[in-house]
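Participant: Have a look at this one.
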Amino acid sequence: MEDESQDKLYATTLQTIGAVAKLPIVRVDREAFLRRHFAGDAHLAVIVQEGPAAVYTAESLRRKADSIIKSSTAKTSAASFATGLPSNPVVMFAAGGADVVQYFGFAVNLAQQIAYLFGEDELFDGGEQLSDAAQMRVIAYLGAMFGAAGAAALVTQTSKQAGAVMGKKVAAQALTKTTWYPLVKKVGALVGQKITKKTVEKTITKAVPVVGGVLSGGLTYVTFRPMGNRLADVLMKNLNGEFDDLLELSPAFAARLGAEVVEPDTE
């Protein structure tokens, strides 16, 4: 039963990721993003071709990430307030669900911006659906944003696999066959807990129209900015080589990890 609960939480995460991937607000064109944020930079050609990390230090990119996170947080809070207004009990739950999808859509949007700033490859390959490798990256990013245990290591692993050789290697095999899948599933289940909890929060804030809108925007602002900061910190550490000695999980321990159960979030 507990294993089934973990499977359901993981399925919730995959379902949410699939839903947000279809939203226009989610996708960030890597080259357009870099050209916009480094417009006028003498090294723009290198930045676009090789990534900002080829030109600037991790610390300077972290400072730039702060302004991007602040801007995205303000936009997300405004959008969340606008969708926090329904007070009709009949539409309250549907609106709450839509607001949650939008919330996580903005989170994935911000995750892409931060990832591209720190030199990661394009997340979307042009299709409507994310590849298995891209889904793993999104789970890792969201996990890091929520501070989920094991997410930082997963971000590091997916970062190394984002290169030409490792990226193709991951994409060529079923995600369930990778050594890291148990950790992916565990982090994914933890993200699923957050999605479920966020759905309840968003539904409750719609009980009273104007107050609900204020609470919805407030909850977004309070939680969204720290989420971006957590991911930026992890990616900055990666650039500084703090995870270079990351060890590969043994198949036996990976199996044990996969057998562990994510307990329901009672907070």
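Participant: Report whether or not V108 is at pLDDT below 75 and either within 25 Å of T156 (Cβ to Cβ) or buried (at least 17 other Cβ atoms within 10 Å of the Cβ) (or both).
Facilitator: For V108, the condition - at pLDDT below 75 and either within 25 Å of T156 (Cβ to Cβ) or buried (at least 17 other Cβ atoms within 10 Å of the Cβ) (or both) - is not met.
Participant: So how many residues does the stretch 6-60 have that are under 30 Å from K197 (Cα atoms) and more than 22 Å from the chain's Cα centre (by Cα)?
Facilitator: Going through the stretch 6-60 one residue at a time, the tally reaches 0.
Participant: Just checking: which of the helices (runs of 4 or more DSSP H) contained wholly in the stretch 129-227 hold 3 or more residues that are at pLDDT below 90, within 27 Å of A252 (Cα to Cα) and small (G, A, S)?
Facilitator: 151-160, 164-172
Participant: Hey, another quick one. Could you count how many residues in the stretch 31-41 are assigned to a helix (DSSP H, G or I) and either free of Cβ contacts under 8 Å to residues at least 12 places away in the same chain or within 22 Å of A189 (Cα to Cα) (or both)?
Facilitator: Residues flagged as assigned to a helix (DSSP H, G or I) and either free of Cβ contacts under 8 Å to residues at least 12 places away in the same chain or within 22 Å of A189 (Cα to Cα) (or both) within the stretch 31-41 amount to 2.
Yes or no, residue by residue, for (1) closer than 14 Å to F106 by Cβ; (2) modelled with pLDDT under 90; (3) among the aromatic types (F, W, Y); (4) surrounded by 12 or more Cβ atoms within 10 Å (Cβ to Cβ):
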| position | (1), (2), (3), (4) |
| --- | --- |
| A11 | no, no, no, yes |
| F33 | no, no, yes, yes |
| H43 | no, no, no, yes |
| E50 | no, no, no, yes |
| A65 | no, no, no, yes |
| I69 | yes, no, no, yes |
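Participant: Return the pairs, sorted by first residue and then second, in which the second residue is exposed (fewer than 15 other Cβ atoms within 10 Å of the Cβ) and of a type outside the set (S, T, Y), the first residue lies in the stretch 4-29 and is in contact (Cβ under 8 Å) with a residue 40 or more places away in the chain, the beta carbons are less than 6 Å apart, and the residues are 6+ apart or on different chains.
Facilitator: Q6/V261
Participant: Take the residues of the stretch 10-30 that are not in a helix (DSSP H, G or I) and not charged (D, E, K, R): which is nearest to I114 (Cα to Cα)?
Facilitator: Here the answer is V28.
The values are calculated or read from the model by the stated rules, or taken from the named source; none is laboratory data. Please read all numbers here as calculations on a predicted model, not as lab measurements. Every residue, glycine as well, gets a Cβ built from its backbone with ideal geometry; the counts of neighbours run over all protein chains shown.
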